[in-house]
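Student: Okay, handing you the structure first.
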Amino acid sequence: MDTRSRDLITTTHWGTYNVSVEDGRVTGLKDFAEDGDPSPIGHGIVDVLDGPTRIKSPMVRKSWLEGGPGTAGDKRGEDAFVEVSWADANRLVAAELKRVRDAHGNASIYAGSYGWASAGRFHHAQGQLKRFLNCMGGFTRSVNTYSYAAAEVIVPHVLGTWFDMLANTTGWDSIAEACELFVAFGGVPLKNGQISQGGTGNHVQKQGLLDAHKAGVKFVNVSPIRSDLLDTVGADWLSPRPSTDAALMIALSYVLLTEGLQNEAFLEKYTVGFDRYAAYLTGAEDGVPKTPEWASEICELPADDIRDLARRMAAHRTMISISWSLTRQDHGEQPYWAAINLAAMLGQIGLPGTGIGFGYSATNKSGQSLRNMHFGSFPQGKNPVRNFIPVARISEMLENPGGTFQYNGKTHEFPDVKLVWWAGGNPFHHHQDLNRLRKAWAKPDTVIVNEWCWNSLARHADIVLPCSTTLERSDLGLNPRDAYQVVMDQAIEPVGAAKSDHDIFRGIAAELGLEEDFTEGRSPEEWQKWMYEISRQSASRSAFELPDWDTLQLKGWIKVPPPEKPTVMLEAFREDPDANPLKTPSGRIEMYSETVAGFDYADCPGHPVWMEPGEWLGGVGSYPLHMISNQPRTKLHSQLDHGSVSRAAQIDGREPLTMHPDDAAARNLSDGQIVRIFNQRGDCYAGLRISDEVRPGVIQIATGAWYDPDGTTCRHGNPNVLTLDKGTSNLAQGPTAHSCLVDVEAAAEDIPESRAYTPPVIE
Ligand SMILES: Nc1nc2c(c(=O)[nH]1)N[C@H]1C(S)=C(S)[C@@H](COP(=O)(O)OP(=O)(O)OC[C@H]3O[C@@H](n4cnc5c(=O)[nH]c(N)nc54)[C@H](O)[C@@H]3O)O[C@H]1N2
Ligand SMILES: Nc1nc2c(c(=O)[nH]1)N[C@H]1C(S)=C(S)[C@@H](COP(=O)(O)OP(=O)(O)OC[C@H]3O[C@@H](n4cnc5c(=O)[nH]c(N)nc54)[C@H](O)[C@@H]3O)O[C@H]1N2
Ligand SMILES: [Mo]
């Protein structure tokens, strides 16, 4: 295919770009002409494609190479590495896989391998890893996500399939048309709308928000951080204590009930269990009426503001947006269920522009009306191993082989893991209480990692297999969550001896005599054509035609036209609940769930409740500041932390921390100074920004700084040395990063140098 007549093009989670190449090196990325609000994040890759942080050949940890599997696991992250050839790396990996499988069985291989990897439908790191391991008998997997595990498990009991709700979130176009009041729990953070998993063409979140504002929609930002909602829309700002939204929603429901503002006809026709929930609201169940005064004590908001908001919500066409962050806290199931019950009482679910929406601007997908598209993907084969863990239970699994855990109504057992394999995620970014993880991580015999840069995950591996970046391989940016479908050109040759994940696995499969099983005789391009053909067939069933392969390659990208009318979540259910029941046991919205009640979990009863989180500002003793470790504005998680865009936003090479002026004054701290954040689990350094955009008592530090451990300290500013590693409840066992108390002090004179971007010693 001669594509020379057009510019090189690629897509990433943070946008689409034309790629400039000179003498075999990428010299720059140009924002996609179709993009009305491009994100700067992508440009951060250019200066780090090559250089000291790039892994250019297979590497083996010195003690492991000398002593074999199981040697000095506690030196992971400290040991030197030894460079080896691909032939040696393949032999070592194949022999170790065989040893572990034969001696301990496939369940002792953990390849949950959670993470975002890169855009590109074929070279998807996890898909490649899972297919490869399935060819040799399978592995222990993980279920659910770090993003919204609690919602993934509670919503199906209450409202139906979670991913259907996400795919069909009511569009911004419908909101501009029909909404009057938009109440955003966790705001509408445009920083997060910069990205979309699998690639994005045009960033629409800001325009969606501005169009709604222009159409007269009023906004309320319920968040500890004012900048979670764009200033231009002039939102009212309510800042409850973090992790108390469930209490606020329950009190709003109480006001509706006691003032007769609930929509009886809706409750009758579309819900079950309202009477049970009403008994909780009035206090008939537990003797505590859930009045605004009751919530006021918990949330630290004036009771009158709560009462007013409930009345405003009932008097207007109201959309409730509930941020994904509300799941990432202790008892994260409750705010989701409480919000659904509140929306049910308002009775506007299924009508244009109103009801409930999950996380506007959490990604660039949320609120885009798109056609329902299904695209082909690289088949992963069958995994015969039954063992799994809820994704955030990794430390517990490594610590406690053979131990049991609860999950969604059942008891399960942790496997005895001997080998861990990660490709396309970074647990030393994403997991909570990293000092605990680091200890648990010392236990397995072997850790294998596919990575392209020397981040903390690569440094904590025994065998590092260097992978290429998207700019070094060709692929398809087919993404059902975006209107733009983009060709991903190979712009340059892989740097050093790096290979695509597919080629890495093909090499090991050959060593194991499984190459044919893994590739089925197809080259990467043949696989991509095969996937594209399936996608074309399914696209034509949703009434649009994808061009043929050659036409797509020539053009570089296509835009799928929007659906005929804006997306309205649960529209069909609203029209006819008998013909279009929800996928819940009753087919209706379950304001009380017999199923959940039947699990008999004290931490997740049969209807939404307020329960004290493990750590929050209303508790006694402990640390005085609530730390919100939210998504970073200048990168995607830990990806490109080392790139130019993220580095430019750092303060003296540390992650910025935002603190209210009163809290800074109480500690004698000044803007721009390096501080130490600490609690009982660990500490890290950060650069101070003083601003009244955060509520007093709350500090904000984004996730993503590469973990740079020195004992229990992170020198660089990764907040996950401080966060709490506890499941949301026995129901979902989701992560709870946002429920975390800390304190902050001035750093001592001799602040240790950050070594996050210094590669390990290579012998
Ligand atoms: N404290 C706190 N912690 C959090 C959160 C929070 O709010 N607060 N949020 C959580 C959430 S929502 C999420 S989704 C997680 C995200 O956690 P992750 O998805 O694990 O984070 P990333 O940094 O995106 O990790 C992706 C890794 O894949 C690598 N990679 C990129 N492309 C390729 C490739 O082609 N092949 C291979 N083999 N590797 C590749 C990157 O270098 C990077 O190391 O973090 C969670 N952690
Ligand atoms: N630029 C960029 N965008 C991203 C990502 C990234 O890494 N970088 N990650 C992506 C991923 S994987 C995900 S899952 C989404 C996540 O999307 P979100 O879950 O929306 O992400 P957060 O930034 O953690 O949270 C949004 C806001 O919620 C507020 N908040 C936190 N706790 C509470 C609380 O208890 N109550 C209330 N009312 N508000 C609270 C915080 O002020 C925070 O800024 O973002 C995606 N978008
Ligand atoms: Mo996420």
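The values are calculated or read from the model by the stated rules, or taken from the named source; none is laboratory data. Here the structure is a predicted model, which is why all the values come from computation and not from measurement. Don't worry about glycine lacking a Cβ; one is built from the backbone with ideal geometry, like all the others, and counts go over all protein chains shown. Accessible surface areas use protein heavy atoms only, side chains included; no ligands, DNA or RNA. Shrake-Rupley method; radii C 1.70, N 1.55, O 1.52, S 1.80 Å.
Student: Any chance you could count how many residues in region 129-149 are assigned to a loop (DSSP other than H, G, I, E, B) and either of a type in the set (Phe, Trp, Tyr) or within 16 Å of ligand 2 (Cβ to nearest atom) (or both)?
Tutor: Filtering region 129-149 down to residues assigned to a loop (DSSP other than H, G, I, E, B) leaves 136-139, 144-148.
Filter once more, keeping what is either of a type in the set (Phe, Trp, Tyr) or within 16 Å of ligand 2 (Cβ to nearest atom) (or both): 139, 144-148.
Summing the residues that are assigned to a loop (DSSP other than H, G, I, E, B) and either of a type in the set (Phe, Trp, Tyr) or within 16 Å of ligand 2 (Cβ to nearest atom) (or both) in region 129-149 gives 6.
Student: Then there is this: Hey, could you check region 607-630 for residues that are touching a Lys or Arg at 6+ places or on another chain (Cβ under 7 Å) and either within 11 Å of ligand 1 (Cβ to nearest atom) or closer than 15 Å to Gln334 by Cα (or both) and say which is least open to solvent (accessible area, probe 1.4 Å)?
Tutor: Restricting to residues being touching a Lys or Arg at 6+ places or on another chain (Cβ under 7 Å) and either within 11 Å of ligand 1 (Cβ to nearest atom) or closer than 15 Å to Gln334 by Cα (or both), the top hit is His607.
Student: Filter region 98-117 down to the residues that are out of contact with any strand residue (DSSP E or B) (no Cβ under 7 Å at 6 or more places or on another chain) and outside any helix (DSSP H, G or I), then identify the one that is farthest from ligand 2 (Cβ to nearest atom).
Tutor: Gly105
Student: Anything in region 255-297 that is of a type in the set (Asp, Glu) and either over 26 Å from Arg574 (Cβ atoms) or assigned to a helix (DSSP H, G or I) (or both)? List them, or say none.
Tutor: Of region 255-297, the ones of a type in the set (Asp, Glu) are 259, 264, 268, 275, 285-286, 293, 297.
Of everything in region 255-297, those that are of a type in the set (Asp, Glu) and either over 26 Å from Arg574 (Cβ atoms) or assigned to a helix (DSSP H, G or I) (or both) turn out to be Glu264, Glu268, Asp275, Glu285, Asp286, Glu293, Glu297.
Student: Can you name the number of the only condition in (1) over 24 Å from the mean Cα position of the chain (by Cα); (2) open to solvent by 20 Å² or more (accessible area, probe 1.4 Å); (3) under 29 Å from Pro759 (Cα atoms) that Pro384 fails?
Tutor: Exception for Pro384: condition (3).
Student: A follow-up question, please. Name the one entry in Asp35, Asp31 that is without any contact (Cβ under 8 Å) to a residue 24 or more places away in the chain and within 26 Å of the chain's Cα centre (by Cα).
Tutor: Numbers: Asp35 fails: without any contact (Cβ under 8 Å) to a residue 24 or more places away in the chain.
Asp31 is the lone residue from the list that is without any contact (Cβ under 8 Å) to a residue 24 or more places away in the chain and within 26 Å of the chain's Cα centre (by Cα).
Student: Pull up region 740-755, narrow it to residues that are within 30 Å of Ala461 (Cβ to Cβ) and buried (at least 23 other Cβ atoms within 10 Å of the Cβ), then point me to the one that is nearest to ligand 3 (Cβ to nearest atom).
Tutor: From region 740-755, those within 30 Å of Ala461 (Cβ to Cβ) are 740, 742, 751-755; that's our starting set.
If we keep only those that are buried (at least 23 other Cβ atoms within 10 Å of the Cβ) as well, we get 740, 742.
On the way: Cys740: 17, Val742: 22 Å.
The extreme case among them is Cys740.
Student: Taking region 480-490 on its own, how many of its residues are surrounded by fewer than 24 Cβ atoms within 10 Å (Cβ to Cβ) and part of a loop (DSSP other than H, G, I, E, B)?
Tutor: First, pick out the residues of region 480-490 that are surrounded by fewer than 24 Cβ atoms within 10 Å (Cβ to Cβ): 480-481, 483-484, 489-490.
Next cut, part of a loop (DSSP other than H, G, I, E, B) only: 480-481, 483, 489-490.
Adding up the residues that qualify gives 5.
Student: Cβ-Cβ under 6 Å, sequence separation 6+ or interchain: first residue in region 494-515 and without any contact (Cβ under 8 Å) to a residue 12 or more places away in the chain, partner buried (at least 18 other Cβ atoms within 10 Å of the Cβ) and of a type in the set (A, V, I, L, M, F, W, C). Which pairs?
Tutor: Qualifying pairs under 6 Å: Glu515/Ala509.
Student: Which residues, taken from region 75-91, are open to solvent by 10 Å² or more (accessible area, probe 1.4 Å) and either within 17 Å of Leu457 (Cβ to Cβ) or touching a helix residue (DSSP H, G or I) at 6+ places or on another chain (Cβ under 8 Å) (or both)? If you could, list the steps in order and put the result at the bottom.
Tutor: Filtering region 75-91 for residues open to solvent by 10 Å² or more (accessible area, probe 1.4 Å) gives 75, 77-80, 82-88, 90-91.
Passing the criteria: Lys75, Gly77, Glu78, Asp79, Ala80, Val82, Val84, Trp86, Asn90, Arg91.
Student: List every residue pair whose Cβ atoms lie under 7 Å apart, where the two residues are 6 or more positions apart in sequence or sit on different chains, the first residue falls within region 580-601 and is among the aromatic types (Phe, Trp, Tyr), and the second residue, located anywhere, is part of a loop (DSSP other than H, G, I, E, B).
Tutor: Matching pairs, first to second residue: Tyr592/Gly273; Tyr592/Gly606; Tyr592/His607; Phe599/Gly409; Phe599/Leu731; Tyr601/Ser729; Tyr601/Asn730; Tyr601/Leu731.
Student: Mind listing whichever residues of region 80-97 are in contact with a strand residue (DSSP E or B) (Cβ under 8 Å, 6 or more places away or on another chain), under 18 Å from Gly513 (Cβ atoms) and among the hydrophobic types (A, V, I, L, M, F, W, C)?
Tutor: Correct list: Trp86, Ala89, Leu92, Val93, Leu97.
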